[in-house]
1. Could you tell me the center-to-center distance, by alpha carbons, between region 146-218 and region 219-275 in angstrom?
2. Quick one: among Leu199, Leu262, Leu171, which has the greatest mean-square fluctuation in a GNM of the chain with alpha-carbon springs under 10 angstrom?
3. Summing Lys, Arg as +1 and Asp, Glu as -1, what charge do residues with Cβ under 11 Å from the Cβ of Trp41 carry, Trp41 excluded?
4. Given a 10 angstrom Cα cut-off, can you work out which residue in Thr172, Thr97, Thr34 is the most mobile in a GNM of the chain?
5. Among DSSP beta bridges whose residues both lie in region 66-197, state the antiparallel percentage, nearest 5.
6. Pull out a ≥ b ≥ c, the square roots of the eigenvalues of the alpha-carbon gyration tensor of region 130-176, then state rounded if a/c is under 1.5, prolate if not and a/b is larger than b/c, and oblate in the remaining case.
7. Hey, what angle do you get for helix 101-114 against the long axis of the chain, alpha-carbon based, 0 to 90 degrees rounded to 10?
8. For Ala268 and Ala143, what is the calculated FRET efficiency with R₀ set at 35 Å and r taken between the beta-carbons, to the nearest 0.05?
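The values are calculated or read from the model by the stated rules, or taken from the named source; none is laboratory data. Since the structure is predicted, the reported quantities are computational estimates derived from the model, not experimental observations. Virtual Cβ from ideal backbone geometry, glycine too; neighbours counted across all protein chains shown. Only protein heavy atoms, including side chains, enter the accessible area calculation; ligands, DNA and RNA are left aside. Shrake-Rupley method; radii C 1.70, N 1.55, O 1.52, S 1.80 Å.
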Amino acid sequence: MAKVAFLGLGVMGYPMAAHLKAKGGHDVTVYNRTAAKAQAWVAQHQGRSAPTPKAAAEGQDFVMTCVGNDDDLRQVTLGREGAFAGMRKGAVFVDHTTASAEIARELYAEAKKRGFDFIDAPVSGGQAGAENGVLTVMCGGDAEPYGRAEKVIAAYARMCKLLGPAGAGQLTKMVNQICIAGLVQGLAEGIHFAKKAGLDVQAVIETISKGAAQSWQMENRYQTMAAGKFDFGFAVDWMRKDLAICAGEARKNGASLPVAALVDQFYAEVQKMGGRRWDTSSLIARLDR
Ligand code: NAP
């Protein structure tokens, strides 16, 4: 059992913090900017809440966070009353936000200077993965603190791996998003074509999902895509944030991402259609309109 704080009780953080307590058996303190959510969490899970990130971080062995983007992360760590001012020497800060590799490296260096460790650890698996405690966690940082953190992360992970130095977790998450972007557009075009061709979409997918076209997106999303239902999991706004991070990194490392860039523009059209909070499978909506 460890002393653990969790900062950011959003769609992902709220259930992740709950697993730390229920499954991990840890002594958990939570912080959320909107205090009502932290109060609701404490009422439900009997932990403790703290009024600021700094207060939440004080005296903890591990501090985990899952907030929106680079700016949010900077505020929660280095801002006024930020967590880094409360971290004890030898503790480990684990960040689950999907953010840039740059900020991961910056916070890693700042943590080292202050005598504690930093692991970038973005996740994949969505809301359902967080609620069921089966997330995939992609980590960057040093092996020794990673080894300690992995045992705590296990409360909500099915797969957790150290992929390299600081920033490697965020770079791996970028690969994940690049792979998904083109795939979802391909699936959207396939279903759109099947409809136009007068085929029975269900029969088509049941058949081709047993062959080389099979994918997680195909098996889990084709029915809702065909029905025009987009209220599952990962929002278009979040995906555009992630694709912007990928594009920024590609500009630096020279990678060519023409399909991801095009799909990003398609998501911009979906946003204009009112789909900012629709899930990422809504690419089909701009074909079917
Ligand atoms: P969310 O529901 O919008 O929650 C965001 C959390 O961050 C909230 O607790 C929010 O506090 C807090 N926050 C934001 N800005 C803050 C700031 N400046 N200072 C303090 N707290 C701040 O988001 P989410 O869906 O949990 O996603 C969180 C991260 O996980 C994102 O980076 C996202 O890309 C990534 N992710 C999400 C999914 C998914 O399916 N949702 C899947 C994989 C990865 P308030 O309650 O006060 O707003």
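1. 13 Å
2. Leu199
3. Numbers: positive: Lys21, Lys37, Arg48; negative: none.
Residues near Trp41 contribute +3 overall.
4. It is Thr34.
5. On the way: 3 of 12 bridges.
The answer is about 25 percent antiparallel.
6. On the way: a/c = 3.14, a/b = 1.20, b/c = 2.61.
Since a/c reaches 1.5 but b/c is at least a/b, the shape of region 130-176 is classed as oblate.
7. 10 degrees
8. Numbers: r = 40 Å, r/R0 = 1.15.
After rounding to 0.05, the efficiency reads 0.30.
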